[in-house]
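Chemist: Let me give you the structure first, and then I'll get to my questions.
The values are calculated or read from the model by the stated rules, or taken from the named source; none is laboratory data. What you see is a predicted model, and the numbers here were worked out from it, not measured in a lab. Every residue, glycine among them, receives a Cβ derived from its backbone with ideal geometry; neighbour counts consider all protein chains shown. Heavy atoms of the whole protein, side chains included, go into the accessibility calculation; ligands, DNA and RNA do not. Shrake-Rupley method; radii C 1.70, N 1.55, O 1.52, S 1.80 Å.
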Amino acid sequence: PRSTLFPYTTLFRSEIFKERYLSTVRAFPKAQELLDHMRARGLKLAVASSAQPDELRSLLQIVGAADLIEVKSSSKDAQQSKPDPDIVQVTLKKSGLMANEAIMLGDTPYDIVSARRAGIYTIALRSGGWKTPELAGARAIYNDTADLLAQYDHSPLA
């Protein structure tokens, strides 16, 4: 049965990612500075990721955000992956925030759909490789983390 194979497929993908690609991953420009800026403005930071827990830990270290993120949810915390809202809803619950108190940063259409299904607005970043039409539905769209930081005072985060 397919359901029996799924955990092995996910594990295999995770191992390939860690062995071949993780060492090449770099943080987006000004990512840590953006997170520092958000925290300094009193925002609670949370991550709702479809990554495996060990992958998420590594990715947050690359960004320099391991200690900045207060709430972390990974694939182990949700039944379904994005665009299903499970991981976003779990993260909201862990954070103690209501949907109308949160806004999600995302760089894929799947982020926008999952956030919308959870009742949350999204700020989209083109740095995920998606173009503006594909990110339609976001409250605002920026090129990347550096662009959002530069325009922070005029963004939905202000």
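Chemist: Looking at (1) open to solvent by less than 40 Å² (accessible area, probe 1.4 Å); (2) touching a Lys or Arg at 6+ places or on another chain (Cβ under 9 Å); (3) modelled with pLDDT under 95, which is the one condition that is false for SER75?
Modeler: Status for SER75: all satisfied but (2).
Chemist: Just checking, does region 22-42 include any residue being in contact (Cβ under 8 Å) with a residue 60 or more places away in the chain, touching an Asp or Glu at 6+ places or on another chain (Cβ under 6 Å) and among the small types (Gly, Ala, Ser)?
Modeler: No: region 22-42 contains no residue that is in contact (Cβ under 8 Å) with a residue 60 or more places away in the chain, touching an Asp or Glu at 6+ places or on another chain (Cβ under 6 Å) and among the small types (Gly, Ala, Ser).
Chemist: Being surrounded by fewer than 20 Cβ atoms within 10 Å (Cβ to Cβ), under 24 Å from GLY64 (Cβ atoms) and not polar (S, T, N, Q) is the filter here; which residues of region 109-139 pass it?
Modeler: ARG126, GLY128, GLY129
Chemist: For region 95-110: of the residues being assigned to a helix (DSSP H, G or I) and touching a helix residue (DSSP H, G or I) at 6+ places or on another chain (Cβ under 8 Å), which is farthest from SER81 (Cα to Cα)?
Modeler: Residues of region 95-110 that are assigned to a helix (DSSP H, G or I), as a first pass: 95, 99-101, 109-110.
Remaining after also requiring touching a helix residue (DSSP H, G or I) at 6+ places or on another chain (Cβ under 8 Å): 99, 109.
Working: ALA99: 19, PRO109: 13 Å.
Out of the qualifying residues, it is ALA99.
Chemist: Within region 29-72, count every residue that is buried (at least 17 other Cβ atoms within 10 Å of the Cβ) and farther than 25 Å from ARG126 by Cβ.
Modeler: Residues that pass the stated criteria total 2.
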